[in-house]
1. Examine region 237-253 for a residue that is assigned to a helix (DSSP H, G or I) and at pLDDT below 90, and state whether such a residue exists.
2. Pairs only if they're at least six apart or on different chains, beta carbon under 8 angstrom, first in region 242-258 and over 19 Å from residue 211 (Cα atoms), second assigned to a strand (DSSP E or B) and basic (Lys, Arg); list them, first residue then second.
3. For the structure I just gave you, tell me whether residue 82 is at pLDDT 75 or above and assigned to a strand (DSSP E or B).
4. Residues being open to solvent by less than 20 Å² (accessible area, probe 1.4 Å) and assigned to a helix (DSSP H, G or I): count how many of those fall in region 272-288.
5. Within region 189-238, count every residue that is free of Cβ contacts under 8 Å to residues at least 24 places away in the same chain, surrounded by 13 or more Cβ atoms within 10 Å (Cβ to Cβ) and either more than 30 Å from residue 98 (Cα to Cα) or touching a strand residue (DSSP E or B) at 6+ places or on another chain (Cβ under 6 Å) (or both).
6. Taking the stated definitions as given, is residue 302 under 24 Å from residue 108 (Cα atoms) and either at pLDDT below 95 or open to solvent by 20 Å² or more (accessible area, probe 1.4 Å) (or both)?
7. With the condition kept exactly as written, say whether any residue in region 325-339 is over 19 Å from residue 82 (Cβ atoms), more than 18 Å from the chain's Cα centre (by Cα), surrounded by fewer than 24 Cβ atoms within 10 Å (Cβ to Cβ) and at pLDDT 90 or above.
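The values are calculated or read from the model by the stated rules, or taken from the named source; none is laboratory data. It should be emphasised that the depicted structure is a prediction, and the values quoted were computed from it without experimental measurement. Note that we place each Cβ from the backbone using ideal geometry, even for glycine, and neighbour counts take in every protein chain shown. For accessibility, only protein heavy atoms count, side chains too; no ligands or nucleic acids. Shrake-Rupley method; radii C 1.70, N 1.55, O 1.52, S 1.80 Å.
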Amino acid sequence: MRIILAFILYAIYHHSSHRIITNNHTNSSSISQIFFPSWELIPTLMPYMGNLTCIFENAHWNLESQNNPSDLERRRNCGKLRYRPHKDWVAPDPTVVFEKLPHDSTIYMLGDSVGAQHAVDLMCYLASNSRIVSVKINHFAPTAPEAETRGQYVGLGLNGATFRSFGGNKTKDIHVVVGSGNFGVNNKAQARSRFSSFMNKGRKDDIFVLNQGLHYKAEEGLLDDLNEIKPVLLSSIDRGVRVIWRETGAGHFNATNGYHYSSHIGLQERKALHCVSSSMINATSSRNHYNGMVTPLMKSWGIPVLETWEASFLMPEWCHVAGGVDCVHFLQPGGTSFFTESLLKYIEEEM
């Protein structure tokens, strides 16, 4: 399904200091043609992370820590982008989110490295709206490269954290657990055992956010493994656990669908890889590569889907890590901010 951008013309755009970025074009006039969905640049926005002020940040993904000083302003602008899927979109209210979450409940973030980015973004968001009570880490010392390139806790093997909110007359503790979402892409028996043990920890109204799509070469392999773990997912739902699937994010490599697989291409071709605008990628091919069948499958099982592919597809290509070489991971804050907002919107509206 091709992306259809709904065209909406305002006579006067009420926020004249904002700029709209859609398909790599920027409009900063006070009388604007505003397209939705779009990423909106808000110059006055104060990001809740991005300069290692959040203890959960990974310096490798941090928008301040890349090696090209000439690109710093553009990277900083990535942290001031916020996605608007439609003109009536209202960002989630953290007060309402904490009201809806039961005390002592847990949000499990099980995924790959992009899922880890989502987890870091979520925890930095929560930290900016509550108090950090505790941090859980694996107790091993980081290697020298890790110590140089990762944040305070990520380099030590971040397992999660507990956040405390003081809303009204109630004090609430909310836990976040970060783990692998590998349920079969490799080491199937070990991976499924670990995945099942995670899922079995879930209690009523705990939330599991799942995704492991990018580690599959094609959607069919992902579908096969999802069908294998279906009994585990449905058993968790029967216990009152809230299982959520996050759509697999878009890639922006200079390939038809925006993805590449190093085992399928030669060294010279890998050297030629770089990030390109979404306007140079086939939107239908990109979306369907991982989400065309998985999204309707999850919904047919009664599993809500965070429909985040479109936001990741429309994200400007310069907001990827490593100066336009890594075209899957986002500078933070940036593309994963909408992953977090989508999850918080679900909590606001469905819990």
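1. No, because not a single residue in region 237-253 is assigned to a helix (DSSP H, G or I) and at pLDDT below 90.
2. From residues that are over 19 Å from residue 211 (Cα atoms), there are no pairs.
3. Values: at pLDDT 75 or above: yes; assigned to a strand (DSSP E or B): yes.
Answer is yes for this residue.
4. So the answer is 3.
5. So the count comes out to 1.
6. On the way: under 24 Å from residue 108 (Cα atoms): yes; either at pLDDT below 95 or open to solvent by 20 Å² or more (accessible area, probe 1.4 Å) (or both): yes.
When the stated conditions are applied, residue 302 passes them.
7. no
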